[in-house]
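Chemist: Can you keep this structure in mind? I'll have questions shortly.
Bear in mind that the values in this text are calculations on the coordinates, not laboratory data. Computed from a prediction, not measured in an experiment: that's the story for all the values here. Cβ: placed from backbone, ideal geometry, glycine included. Neighbour counts: every protein chain shown.
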Amino acid sequence: MTSETLPRLEIPTPRPPFTRGAVARALIHRIVAGVPVRLRYPDGSSVGGGSADGPTLEVVRPAALFRRVEQHPKIGLGEAYMAGDWHAAHGTDLAQALLPFAARMGRLLPKPLLSLRRIVDRALPAGTRNTLVGSRANIEAHYDLSNDLFAAFLDPTMSYSSALFDHSRPLADQDLVEAQHRKIDAILDSAGVASGSRVLEIGTGWGELALRAAARGADVLSITLSREQQALARERIAAAGLSDRVEVRLQDYREVTGEFDAVVSVEMIEAVGEEYWPTYFSAIDSLLAPGGTAVVQAILMGHDRYLATRNSYGWIQKYIFPGGLIPSLDAISEVTGRHTDLRVRGVLAFGGDYAETLRRWRMTFLEAWPRIEGGSFDETFKRMWEFYLAYCEAGFASGYLDVAQVTMRRD
């Protein structure tokens, strides 16, 4: 991806002080008054409910920050971080500073203001619909950035989804490779994958699940829309001597035919889009052999939050995952119940493990930045990805977001 294809960071238009810029400032001050975080301004003054030695956010350009928030209430804060209008103060971890806000999401503003959400919410862009053509463009925008970029901060399994840690042991004693294999094995076990199993994987990633399924003696068809992922996954599979058991296709889930004993999909449903959830689950249902099992690992949010945000455009969708939408478990159950014969038979939730996974990715990303930097990967890109990883980490650490392996079978 070149710098020309990255989303452009908009420059806020100056507004008179009596317009919404002043309102944005007042609202932000009201919000921080109720959380243990402080904002510190260039003149040394500070506001907020935190202590002097607690988490502190440095506001570098107050006017620009408030103009961005006034113009795009759900996007402006992240754009302001990308532009350097604010940052975490020395000694403050960004995710820890965002955690109190994530924990109070939905309660940060008075109810009368929340009822006006539809006035400031922006509709999802029609150009990011997950049609056959749109899905390819949306996936390429993120996953085809560079295999080297992802390799710089992921563990050697190249797993870009939540790990599953052993909570009977200290986290510090567990590396990501072990925890990622535990996650994958839990999926394969739930799906009943064994020698001779016919497995469809929707969303290849970089091939680790397909490798472990093939090592069990399964025959795997893995599909992806990312050319970068397909190329590296094929290389890794060939290096393991498993090319006779794994085929990696550049193919949409809507184009697959055949019959499979197990269908597995790891954190791909978030890229499907609500409009196509019935199609996605119907495809799984039609491809599953009698007696087969499907396991979908999905990022989830509470149903009330899903209903409140499902039609609005946010920073993550603009800059990280175009066309993305996080479902609720209730939404998955409703869609499968209405459009398929699949029923949810098991749920393994481990959202706290995603917070730890994201923390490790963020620390590694920042350490590796000198090797990543160059070309389109500039300082704005660095701040964008730091905010993305910290923002998501806070979401999972607070419980606002969850992740679960959802096992489904027919009645």
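Chemist: Can you show me the helix-derived [θ] at 222 nm for the chain, built from DSSP H runs with n ≥ 4 at -39,500 (n - 2.57) apiece and divided by the number of residues, rounded to the nearest 500.
Modeler: -13000 deg cm²/dmol
Chemist: State the percent of C-alpha pairs, over all pairs in segment 223-313, separated by a distance greater than 15 angstrom.
Modeler: Result for the distance tail: 70 percent.
Chemist: Let me ask something else about it. What share of the DSSP beta bridges in the chain is antiparallel, in percent to the nearest 5?
Modeler: Antiparallel bridges make up about 50 percent of those DSSP assigns within the chain.
Chemist: Under a Cβ-Cβ cut-off of 13 Å, what is the net charge of the residues other than Q405 that fall near it, where Lys and Arg count +1 and Asp and Glu count -1?
Modeler: That sum, taken over residues with Cβ under 13 Å, equals -2.
Chemist: To continue, here is another question. Between R345 and H167, what is 0.36 nm times their sequence separation minus the Cα-Cα distance? Round to one decimal in nm.
Modeler: Net length gain for the segment: 61.7 nm.
Chemist: Mind ranking 220-229, 287-296 by how tightly packed they are, going by the mean number of other C-beta atoms within 10 angstrom, highest first? All intermediate terms of the calculation are to be shown ahead of the outcome.
Modeler: Working: 220-229: 22.6, 287-296: 19.8.
Answer by packing, highest mean first, reads 220-229, 287-296.
Chemist: What do the square roots of 5 times the Cα gyration tensor eigenvalues come to for segment 127-410, in whole Å, largest first, as semi-axes of the equivalent ellipsoid? Intermediate results must be reported in sequence, preceding the final value.
Modeler: Details: eigenvalues 139, 102, 77 Å².
Whole-Å semi-axes of the equivalent ellipsoid: 26, 23, 20.
Chemist: If each residue of separation counts as 0.36 nm, what is the full-extension length gain between R227 and T279 once their alpha-carbon separation is subtracted?
Modeler: Gain on extension, R227 to T279, equals 16.4 nm.
Chemist: Please rank I202, I28, fewest neighbouring Cβ atoms within 10 Å first, as an exposure proxy.
Modeler: Least crowded to most crowded, the residues run I28, I202.
Chemist: Continuing with the same structure: Given Cβ point charges of +1 (Lys, Arg) and -1 (Asp, Glu) and nothing else, what value in debye, to the nearest 20, does the dipole of the chain about its Cα centre take?
Modeler: Once rounded to the nearest 20, the dipole reads 1560 debye.
Chemist: Tell me the net charge near V220. Cut-off is 9 Å between Cβ atoms, V220 excluded, with +1 for each Lys or Arg and -1 for each Asp or Glu.
Modeler: Result for the local shell: -1.
Chemist: If I fit a long axis through the Cα atoms of helix 227-239 and take the longest principal axis of the Cα atoms of the chain, what angle between them do I get, 0 to 90°, rounded to 10?
Modeler: So the helix axis and the longest Cα principal axis differ by about 50 degrees.
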